[in-house]
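Here's the structure we're looking at; comments come further down.
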Amino acid sequence: MSIPHLFRCPISLDIFTDPVTLCTGQTYDRPCIERWLAAGHRTCPVTMQPLGDVAALVPNRTLRHLIERWLSAGPTPPAAAITDAHEEPSLAALKRSLQSGGANANKVAALRKAATLASESDVGRACMLQLGFLPVLLHLVFHPPPPPPPWETTTTDYLSSSEQEELALQCALSLLPSSPTSPEHGCLNVLGTESSLASFARLLERGGARVKASLCRLLEAIAAAPATRDLALAAAASSPRVWQALLPLLHGGGGDGRVSAAAARAVAAVCCCGGATAVHAVRHGAVPALLRCLSSWKSAAAGKAAGGGGGGANAAVAASALAALEAVAAGSEAGRRAVAREPGAVRALVRHVFMMSSSNEGSEHAVAALLAVCRESRAARGEAAAAGVVTQALLLLQSQCGVRAKTKARSLLKLFKSM
């Protein structure tokens, strides 16, 4: 099933999710044209006509209505997703299967079909998003039907329930638009209830590695989207159980680097939300947890290197942990004090400014965290100087690191030159 040409955004070439029209008469998807304007462009991407200082974005309700009508029947799922020759092969039927009160095994079968369509077809993803699959999938994860009595529960029921959570989460994440400004992110606000946050924490505590990594990605998306910023602030402030479940994943993760890296990215995203999120992170022990993360994955990387193994996953975990430490230090005075006072924290940051055996993915974050901490703490400056921060910064400047890392390294050198 192909998308009609008029239903595609001329920038992304994907189906419109929120069509808006410029004064030139050209229609674009709102997230795409907003990114174009945010980059400083003041012309229409298609006609190149000037837009003036303020570009008005007028919702194209007629086009949106036509797209919704076109989507109402839904595309046919791929042949691999259809197991019953007599079933109705439409997205509308698939959505009804997910909303029904049937057995877990039936839900799992429907979720497998949805996951196949979402992973194999751009059109399928766009149509599922437009038809409201995302709230249905989130409901399946965080508000599942009550389990049957223990005497009626079988091993198959338990496995189906676990698979249902994993499949629904993966499918929901695949449907989330990549742009945090997309209006579809507003669906995530259904997680703002006390029961939803309790379910979130329970799954973080008891779920498998893939479920835990997916939940961390979901929390990162919630923290990054303007439409769900208040939800992230509320979760940070009033859900200690979420912190208690999230922080152990930093240095645990069941030995899975993907879980630890996803947890560190989630902590960083939440701390970047503003408000008192960094303060709450510090209060629940984020600084020592992140340093244990750096230490444990550094040890793992050394072991792999000695055995001839690769350390790519470990470098990703370290970079994510350093990004989270930067967010904590930059986000509040309490965060900077916590890093400065934590034994070994400043030395660990100095060590990660430049490391001969790594790709230095996290160097920029290590330098930024040191800048934030050392500007306010004389003791931290002394400790960093004793640990060789000047030599580390000079080595970083001579490396192939990015422009931003070098700019921050120069600022760090200026700070220590003035001592």
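The values are calculated or read from the model by the stated rules, or taken from the named source; none is laboratory data. Since the structure is predicted, the reported quantities are computational estimates derived from the model, not experimental observations. Cβ: placed from backbone, ideal geometry, glycine included. Neighbour counts: every protein chain shown. What goes into the accessible areas is simple: the full protein's heavy atoms, side chains included, and nothing from ligands, DNA or RNA. Shrake-Rupley method; radii C 1.70, N 1.55, O 1.52, S 1.80 Å.
A compact table of results
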{"read-out": "Residues satisfying the stated conditions in the stretch 292-308, i.e. modelled with pLDDT under 55 and either open to solvent by 40 Å² or more (accessible area, probe 1.4 Å) or of a type in the set (Val, Ile, Thr) (or both)", "value": "Ser299, Ala302, Gly303, Lys304, Ala305, Ala306, Gly307, Gly308"}
{"read-out": "Enumeration of residues in the stretch 1-29 that are aliphatic (A, V, I, L, M), over 17 Å from Leu131 (Cα atoms) and touching a Ser or Thr at 6+ places or on another chain (Cβ under 8 Å)", "value": "Val20"}
{"read-out": "Given (1) modelled with pLDDT under 75; (2) under 30 Å from Ser179 (Cα atoms); (3) in contact with an Asp or Glu (Cβ under 9 Å, 6 or more places away or on another chain); (4) crowded, with 18+ Cβ neighbours inside 10 Å, index of the condition Asn104 fails", "value": "(2)"}
{"read-out": "Where Ala81 falls short, out of the listed (1) at pLDDT 75 or above; (2) closer than 17 Å to Arg112 by Cα; (3) of a type outside the set (Lys, Arg)", "value": "(1)"}
{"read-out": "Count - residues of the stretch 1-49 that are assigned to a loop (DSSP other than H, G, I, E, B) and touching a residue at least 40 places away in the same chain (Cβ under 8 Å)", "value": "8"}
{"read-out": "Hits in the stretch 374-419 (condition: among the charged types (D, E, K, R), closer than 16 Å to Val339 by Cβ, touching a residue at least 12 places away in the same chain (Cβ under 8 Å) and surrounded by fewer than 16 Cβ atoms within 10 Å (Cβ to Cβ))", "value": "Arg375, Glu376"}
{"read-out": "Number of positions in the stretch 1-19 that are closer than 18 Å to Arg69 by Cα and over 24 Å from the mean Cα position of the chain (by Cα)", "value": "10"}
{"read-out": "Verdict on Ala289 being crowded, with 17+ Cβ neighbours inside 10 Å, closer than 25 Å to Leu138 by Cα, small (Gly, Ala, Ser) and modelled with pLDDT under 95", "value": "no"}
{"read-out": "Residue count for the stretch 353-373, restricted to those that are in a loop (DSSP other than H, G, I, E, B) and either at pLDDT 90 or above or open to solvent by 20 Å² or more (accessible area, probe 1.4 Å) (or both)", "value": "9"}
{"read-out": "Flag for Ala329 being surrounded by fewer than 24 Cβ atoms within 10 Å (Cβ to Cβ) and either at pLDDT below 95 or out of contact with any strand residue (DSSP E or B) (no Cβ under 9 Å at 6 or more places or on another chain) (or both)", "value": "no"}
{"read-out": "Some residue of the stretch 208-218 being closer than 18 Å to Met128 by Cβ, surrounded by 17 or more Cβ atoms within 10 Å (Cβ to Cβ) and not charged (D, E, K, R)", "value": "yes"}
{"read-out": "Leading residue by the ranking (least open to solvent (accessible area, probe 1.4 Å)) among those in the stretch 182-207 that are hydroxyl-bearing (Ser, Thr, Tyr) and part of a loop (DSSP other than H, G, I, E, B)", "value": "Ser182"}
{"read-out": "Complete set of residues in the stretch 232-286 that are within 17 Å of Arg337 (Cα to Cα) and either open to solvent by less than 10 Å² (accessible area, probe 1.4 Å) or touching a strand residue (DSSP E or B) at 6+ places or on another chain (Cβ under 7 Å) (or both)", "value": "Cys271, Thr277, Ala278, Ala281, Ala286"}
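Quick grid of which residues meet (1) modelled with pLDDT of 90 or more; (2) within 25 Å of Val108 (Cα to Cα); (3) hydroxyl-bearing (Ser, Thr, Tyr); (4) assigned to a helix (DSSP H, G or I):
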{"residue": "Pro147", "(1), (2), (3), (4)": "no, yes, no, no"}
{"residue": "Trp151", "(1), (2), (3), (4)": "no, yes, no, yes"}
{"residue": "Asp157", "(1), (2), (3), (4)": "no, yes, no, yes"}
{"residue": "Pro180", "(1), (2), (3), (4)": "no, no, no, no"}
{"residue": "Leu215", "(1), (2), (3), (4)": "yes, yes, no, yes"}
{"residue": "Glu220", "(1), (2), (3), (4)": "yes, no, no, yes"}
